[in-house]
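K.L.:
Below is a structure I'd like to ask you about.
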Amino acid sequence: MKQAPDETQSARIARVLADRIIAGEIPPGARLRQDHIAAEFGASHVPVREAFRELQTQGLAESEPRRGFRVTEFDVAELREVAEMRASLESLALRHAAPHMTRALLQAAEEVTRHGDSASNVRDWEAANRRFHRLILAPCRMPRLLRTIDDLQAASARFLFAAWRRDWEARTDHDHRAILDALRKGQTDLACTTLARHVGWIGKRKTAVKNADARETYEISG
């Protein structure tokens, strides 16, 4: 993952750790060891602590008295909360973004959706999915709202990776196309309603586990 041109050391550490947590490479409940992370990144303890606080702000880590930081757990109650918040906030952002939507932006979002449909693994699909949402919401020109949505999408991605890490199935995202179609026709209410339903949906599925009975997991659509 490339470093942004003006990215601070603490921001880079937080970004890399967040990516690992979201992808499940650092599991829920794992301790974030300051000394080890400082050594890995060739950093002092100061930017590492700042990175931990950023992860805490994103809801990916929590501080324990006299024990440092650990990766937060997540459960279906959190999934429902995140889905409901995304449904409300993303539809709000889209309503403000719609008047500033351009043909070029809609075409870019269409192309991203096609990339997602052909993704061969969950990581590539999630990257395309998140890019789609950022493209259509960015014109709202509300940076604080967009930062909050980014954090919620990161939380959603943790559930996505947990459910689909072993047995990813390619999918065609009809909701994305319906949203784009409504935006092209100037049907803002329909676009917002479709988006809210899309990100607010939670389903159940059976996941095969080697040498064990299938386990039930939750899935999200976007």
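The values are calculated or read from the model by the stated rules, or taken from the named source; none is laboratory data. Just so it is clear, the structure is predicted and the values come from calculations on it, not from any experiment. So basically every Cβ, Gly included, is an ideal-geometry build from the backbone, and we count neighbours across all protein chains shown. Accessible surface areas use protein heavy atoms only, side chains included; no ligands, DNA or RNA. Shrake-Rupley method; radii C 1.70, N 1.55, O 1.52, S 1.80 Å.
K.L.:
For every other residue with a beta carbon closer than 10 angstrom to the beta carbon of Asp173, add +1 if it is Lys or Arg and -1 if Asp or Glu, then tell me the sum.
P.N.:
Numbers: positive: Arg114, Arg171, Arg177; negative: Asp117, Asp175.
With Lys, Arg at +1 and Asp, Glu at -1, the net is +1.
K.L.:
Accessible area, 1.4 Å probe, largest first: how do Val199, Val76 sort? Mind showing how you got there, number by number?
P.N.:
Numbers: Val199 5, Val76 45 Å².
The residues order as Val76, Val199, largest area first.
K.L.:
Using the Cβ atoms and a cut-off under 12 Å, what net charge is assigned to the surroundings of Leu183, where Lys and Arg are +1 and Asp and Glu are -1? Intermediate values should be presented prior to the final figure.
P.N.:
On the way: positive: Arg95, Arg103, Arg177, Arg184, Lys185; negative: Glu110, Asp181, Asp189.
Residues near Leu183 contribute +2 overall.
K.L.:
Now, a different point. How big is the dipole moment of segment 45-174 about its Cα centre under a simple scheme where the beta carbon of each Lys and Arg is +1, that of each Asp and Glu is -1, and everything else is neutral? Debye, nearest 20, please.
P.N.:
Numbers: 21 positive and 20 negative charges, 80 e Å.
Roughly 380 debye for segment 45-174.
K.L.:
Assuming R0 = 25 Å, what is the FRET efficiency of Gln107 and Trp201, from their Cβ-Cβ distance, to the nearest 0.05?
P.N.:
On the way: r = 26 Å, r/R0 = 1.05.
Efficiency, from the Cβ-Cβ distance: 0.45.
K.L.:
Considering only DSSP states other than H, G, I, E and B, which trypsin sites (Lys or Arg not before Pro) in segment 1-66 qualify as loop sites with at most 16 other Cβ atoms within 10 Å?
P.N.:
On the way: sites: Lys2, Arg12, Arg15, Arg20, Arg31, Arg33, Arg49, Arg53, Arg66; in loops: Lys2, Arg33, Arg66.
Filter output for segment 1-66: Lys2, Arg33, Arg66.
K.L.:
Then there's this: Quick one: grab the alpha carbon gyration tensor of segment 77-117, order the square roots of its eigenvalues as a ≥ b ≥ c, and give me rounded if a/c is under 1.5, else prolate or oblate depending on whether a/b is larger than b/c. Before the final figure, lay out the partial values.
P.N.:
Numbers: a/c = 6.56, a/b = 1.50, b/c = 4.37.
Since a/c reaches 1.5 but b/c is at least a/b, the shape of segment 77-117 is classed as oblate.
K.L.:
Pull out a ≥ b ≥ c, the square roots of the eigenvalues of the alpha-carbon gyration tensor of segment 9-66, then state rounded if a/c is under 1.5, prolate if not and a/b is larger than b/c, and oblate in the remaining case.
P.N.:
In terms of gyration-tensor shape, rounded.
K.L.:
Any idea what the relative contact order of segment 53-190 is, in percent, if you count C-alpha pairs under 8 Å spaced at least 6 apart? Could the numbers behind the result be given before it?
P.N.:
Details: 122 pairs, mean separation 39.9, N = 138.
For segment 53-190, the relative contact order is 29 percent.
K.L.:
Once the dipole of segment 1-130 is set up with Lys and Arg at +1 and Asp and Glu at -1 on Cβ about the Cα centre, which of Leu55, His45, Trp125 lies farthest towards its positive end?
P.N.:
Most positive-ward Cα: His45.
K.L.:
Label points 7 Å out from Cα along the Cβ direction at Arg134 and Arg171: separation in nm?
P.N.:
Spacing of the two 7 Å Cα→Cβ label points: 2.0 nm.
K.L.:
Rounded to the nearest 10 Å², what accessible area does His36 show when all protein chains are kept and the probe is 1.4 Å?
P.N.:
The accessible area comes out at roughly 130 Å².
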